[in-house]
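J.: Below you'll find the structure I mean.
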């Protein structure tokens with residue numbers, strides 16, 4: 001089943017458990033799938049952990065276990081962060097070269113890509129990786145046992161309104177901070193908060209066509225800010241190894257990075273005010289009402 005609450009869920013507690021178990025079961029199935037690479041299995045596991053954190057965040061005011069469960073999923077994902085981060089550098093380099101492909105000669109900046117590829121393969125072949133993945137999956141099995149007993153109290157629109165409002169308010173604040181001081185750090189903070197709002201819209205998309213229509217713009221904003229952050233991280237990685245590259249080639253590559261980030265910022269700052277057009281209170285009340293009404297109509 002998709003990552004969303006259903007109008008015919010018996011209660012918010014039922015919805016919470018159902019979505020959580022679906023995410024955990026999917027993570028376990030993907031981790032056991034030999035048809036995909038270990039790096040991809042790890043990537044999928046980390047995405048499941050993020051979605052689970054978004055899930056419990058939407059009911060945070062009524063979920064007493066929020067603090068411990070949020071930390072558990074965060075720590076599980078963090079154990080394998082180096083693997084995903086290393087492969088993401090290769091993907092970011094490829095995406096940047098593809099974006100400017102018509103302006104570059106064939107195999108431009110291949111030395112930079114080769115550096116990141118070698119780094120990713122070294123991390124992916126670490127002797128302890130299989131054990132770390134096994135530990136992470138054991139943590140997910142334990143989380144599944146706990147999720148079967150999760151409860152939301154109060155079990156209803158009040159919990160959703162509180163969870164949405166807190167996340168939305170933080171996203172708006174982060175957007176304003178990034179607008180006033182657009183740095184890698186401020187834009188990354190906005191990205192984190194905007195992504196949680198996207199998760200919340202996905203969870204509530206079946207409540208109303210209006211909510212469903214808001215999912216794609218929020219997804220697009222998250223992607224724009226995510227691409228910006230990936231380039232920022234790549235810049236930090238290049239600084240750590242700049243002696244390994246030709247000075248002129250590195251300077252030219254950094255120029256492309258900055259040009260791409262500038263464009264991403266323009267698009268994000270254009271889209272952001274539309275995604276976050278309401279006040280936190282209004283958005284929270286509206287989304288919670290849609291959820292409540294959809295249950296009445298089911």
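The values are calculated or read from the model by the stated rules, or taken from the named source; none is laboratory data. Just so it is clear, the structure is predicted and the values come from calculations on it, not from any experiment. Glycine also receives a Cβ, built like all others from the backbone with ideal geometry; neighbour counts cover every protein chain displayed.
J.: Here is a check on your reading of the model: is residue 132 in contact with a helix residue (DSSP H, G or I) (Cβ under 9 Å, 6 or more places away or on another chain) and either over 30 Å from residue 18 (Cα atoms) or in the same structural domain as residue 191 (by TED's automatic domain parsing) (or both)?
T.: no
J.: Being part of a helix (DSSP H, G or I) and free of Cβ contacts under 8 Å to residues at least 60 places away in the same chain is the filter here, so list the residues in segment 98-118 that pass it.
T.: Residues satisfying the conditions are 98, 101, 102, 103, 110, 113, 114, 117, 118.
J.: Also, I was wondering about something else. Given (1) within 30 Å of residue 296 (Cβ to Cβ); (2) surrounded by 20 or more Cβ atoms within 10 Å (Cβ to Cβ); (3) not assigned by TED's automatic domain parsing to the domain that holds residue 76, identify the lone condition not met by residue 147.
T.: Checking residue 147 against (1) within 30 Å of residue 296 (Cβ to Cβ); (2) surrounded by 20 or more Cβ atoms within 10 Å (Cβ to Cβ); (3) not assigned by TED's automatic domain parsing to the domain that holds residue 76, the one that fails is (3).
Let's see how each residue does on (1) under 23 Å from residue 197 (Cβ atoms); (2) under 14 Å from the mean Cα position of the chain (by Cα); (3) in a helix (DSSP H, G or I):
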| position | (1), (2), (3) |
| --- | --- |
| 16 | yes, no, yes |
| 19 | yes, no, yes |
| 40 | no, no, yes |
| 46 | yes, yes, yes |
| 50 | yes, yes, yes |
| 56 | yes, no, yes |
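J.: Of the numbered conditions (1) surrounded by fewer than 18 Cβ atoms within 10 Å (Cβ to Cβ); (2) under 27 Å from residue 176 (Cα atoms), residue 239 satisfies every one except a single condition; which is it?
T.: With respect to (1) surrounded by fewer than 18 Cβ atoms within 10 Å (Cβ to Cβ); (2) under 27 Å from residue 176 (Cα atoms), residue 239 is out only on (2).
J.: Search segment 58-71 for residues being without any contact (Cβ under 8 Å) to a residue 24 or more places away in the chain and under 17 Å from the mean Cα position of the chain (by Cα), and hand back the single one that is surrounded by the fewest Cβ atoms within 10 Å (Cβ to Cβ).
T.: 71
J.: Let me ask something else. Could you name every one of the helices (runs of 4 or more DSSP H) located completely within segment 205-298 that has at least 3 residues being closer than 25 Å to residue 193 by Cα and within 18 Å of the chain's Cα centre (by Cα)?
T.: 209-240, 247-275
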